[in-house]
Amino acid sequence: MSLKYIEEYRDASLARGLVKKIRLVSKKQIRLMEVCGTHTTSIFRHGIRSVLPDNITLLSGPGCPVCVTAQKDIDAYVQFSRIKDTIVTTFGDLIKVPGSGSTLGKEKALGADVRIVYSIFDAVNIAKENRDKEVVFCGVGFETTIPTIAAGVLMAQSQNLTNFSVHTSNKLTPPALAALMEADGIEIDGFLLPGHVSVITGTDAYRGTFEKYDIPSVISGFEPIDILEAVLYLVQQNESGTPELVNAYKRAVSDQGNIKAKKIMNQVFEVCSTCWRGLGEIPQSGMKLKKKYHGFDAALKFDMDLPDVPEPKGCACGQILMGLKTPEQCGLYKKKCTPMTPIGPCMVSTEGSCAAFYKYS
Amino acid sequence: MCLAVPSRIIEINDTIARVDVDGVVRETSLMLLDDPKIGEYVIVHAGFAINKVDEKAALQTLQDMRNILAAENAGDNGLINQQ
Ligand code: SF4
């Protein structure tokens with residue numbers, strides 16, 4: 001069986017045609033931000049930066065979930081793993097992220113029961129099989145992941161798993177875009193909007209930000225043709241001076257998004273303000289458990305106090321996430337900070353800009 | 001975090017499906033999907049099918065782009081011929 005919609009969207013002659021067209025149309029110096037970490041990796045993997053003309057700069061925005069997770073949340077994961085008879089379950093990327101003192105990986109090496117899961121589904125099953133232990137799921141993610149965490153909580157509830165709880169660091173994309181547009185010194189001429197976040201939110205979710213800031217915005221898929229097509233639209237809008245909100249990922253994204261997923265998400269969670277690493281507190285940009293589900297809130301269950309902690313000295317992750325610096329402009333990059341010895345989260349996650357720069361440049 | 005490759009539903013048991021991605025079969029929850037059917041392509045994220053892939057739209061996008069580029073090439077040739 002072939003990979004459906006993959007080969008077609010990697011077609012070399014179509015890609016060459018799009019690059020040629022972009023080079024023909026693009027005159028202005030523009031800075032485009034890809035908001036999603038999966039875009040960042042795809043752009044590097046397919047060598048898209050190298051085929052674009054020099055007047056187009058691609059910036060990696062705050063779309064790598066691990067990279068924007070506040071240090072105090074990482075510290076909380078470490079603390080959960082130190083509680084007796086507790087199993088911490090988490091996505092793989094989080095295991096190496098440094099908190100202020102330790103990482104989940106280090107705690108595991110010291111004997112803590114930390115398990116990497118592919119889905120919250122697996123975490124619920126671990127709770128079912130280990131009723132004599134507490135199971136905490138540590139989850140970070142955007143709109144794509146939040147409904148899956150909500151579904152996991154509902155699953156645990158329907159199975160009466162009182163030994164299951166979650167500590168989430170849920171983040172919402174549109175408020176972060178608005179916060180970026182309001183930040184000092186920001187120069188962004190267009191957003192390459194995240195494909196799979198948009199599968200859930202739908203195109204309509206960006207309309208408010210788009211109308212307020214009048215900025216070219218194109219929802220894109222993840223294959224080379226998808227990304228080049230979106231870049232072409234952003235270039236055309238910049239050249240003609242007519243910003244638009246375009247859905248260029250119609251095979252997966254609708255205007256309203258996935259209504260069922262949104263319903264489950266809103267059943268379990270409610271909007272709150274939350275702290276983004278590097279960006280600080282952004283109002284209405286997170287989602288916390290509704291009161292009805294507080295029994296599943298790990299921080300409440302274990303009565304955990306989560307003080308704010310300063311971010312590592314010299315790490316420029318915050319400015320990188322805002323497109324104000326490139327990884328090479330961080331004094332620690334490739335010196336003290338490497339994928340083997342990461343200092344900030346942008347070097348830990350495979351989707352982080354620093355890690356992507358390190359791997360591909 | 002995202003698996004951008006569409007997976008094909010090959011079996012449905014209540015809210016769990018078996019999906020195939022290029023010969024690799026995995027289990028995926030259907031809790032977030034409306035009206036899934038065997039044979040349909042879905043996008044899977046963290047163990048959940050989050051949407052179907054619209055076949056018509058997929059083909060239409062490719063065709064639209066070919067049309068834009070074909071018009072462009074025709075224009076190029078015209079220009080060259082005039083010179
Ligand atoms: S290179 Fe390391 S220290 Fe510098 S910004 Fe990136 S993650 Fe932070």
* **Exercise: per-residue mean of other protein chain Cβ atoms within 10 Å, A:145-154** => 4
* Asked: Around residue A:297, which amide H atoms from residues at least 5 apart in sequence, or from another chain, sit under 5 Å from its own amide H, with H modelled in the peptide plane?
  -> A:166
* Which ³J(HN,Hα) values, rounded to whole Hz and listed in residue order, are derived for segment A:39-46 from phi using the Karplus coefficients 6.51, -1.76 and 1.60 in 6.51 cos²θ - 1.76 cosθ + 1.60 with θ = phi - 60°, glycine and proline given as x? -> 5, 3, 5, 5, 4, 5, 4, 8
* To do: Can you tell me the dipole magnitude for the protein assembly as shown around its Cα centre, using point charges on the Cβ only (Lys, Arg +1; Asp, Glu -1), in Debye to the nearest 20?
  => 720
* **Filter on A:128/A:301; A:313/A:334; A:260/B:56 - keep pairs with C-alpha separation over 20 Å** => A:260/B:56
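Considering every residue in A:258-268, what mean count of other chain Cβ atoms within 10 Å of its Cβ is obtained? Don't jump to the answer; show the numbers that get you there.
Working: counts 8, 1, 7, 9, 1, 1, 2, 1, 0, 0, 0.
Mean partner-chain Cβ count within 10 Å for A:258-268: 3.
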* Whose amide H sits under 5 Å from the amide H of residue A:57, counting only residues 5 or more places off or on another chain, with H placed in the peptide plane? -> A:30, A:31, A:32
* Structure fact -> Once phi for every residue in segment A:170-186 is put through the Karplus expression 6.51 cos²θ - 1.76 cosθ + 1.60 (θ = phi - 60°), the whole-Hz ³J(HN,Hα) values, with Gly and Pro written as x, are 6, 10, 10, 6, x, x, 5, 4, 4, 4, 4, 5, 8, 6, 5, x, 6
* Structure fact -> Counting only residues 5 or more apart in sequence or on a different chain, those whose built amide H sits under 5 Å from that of residue B:40 are B:9
* Does anyone have the angle between helix A:224-240 and the longest principal axis of chain A? Alpha-carbon axes, 0 to 90°, nearest 10? -> 60
* Calculated from DSSP H runs of 4 or more alone, at -39500 (n - 2.57) each and per residue, what is the 222 nm mean residue ellipticity of the protein assembly as shown, nearest 500? -> -11000 deg cm²/dmol
* Asked: Among the aspartates and glutamates, which fall within straight-line cross-link reach of residue A:291, defined as a Cα-Cα distance under 14 Å, with same-chain neighbours fewer than 8 residues apart omitted?
  -> A:270
* From the residues A:190, A:117, A:65, which one has its Cα farthest along the dipole of chain A in the positive direction, the dipole being from +1 and -1 charges on Cβ of Lys/Arg and Asp/Glu about the Cα centre? -> A:117
* By a straight-distance test (C-alpha under 19 Å), which aspartates and glutamates pair with residue A:359 as possible cross-link partners, with residues fewer than eight away in the same chain excluded? -> A:34, A:93, A:328, A:351
* To do: Take peptide B:58-69, look around each residue's Cβ out to 10 angstrom, count Cβ atoms belonging to other protein chains, and average those counts.
  => 5
* To do: Mind giving me the nanometre distance, one decimal, between the label points for residue A:336 and residue A:128, set 7 Å out from Cα along Cα→Cβ?
  => 4.7
* Structure fact -> With x for Gly and Pro, the residue-by-residue ³J(HN,Hα) of segment A:94-100, computed from phi through the Karplus equation 6.51 cos²θ - 1.76 cosθ + 1.60 at θ = phi - 60° and given in whole Hz, is 6, 5, 9, 5, x, x, 6
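Every read-out reported here was derived from the displayed coordinates using simple, explicitly stated rules and does not represent laboratory data. The structure presented is a predicted model; accordingly, all values stated were derived computationally and were not measured. Reconstructed Cβ throughout: ideal geometry from the backbone, glycine too, with neighbour counts over all protein chains shown.
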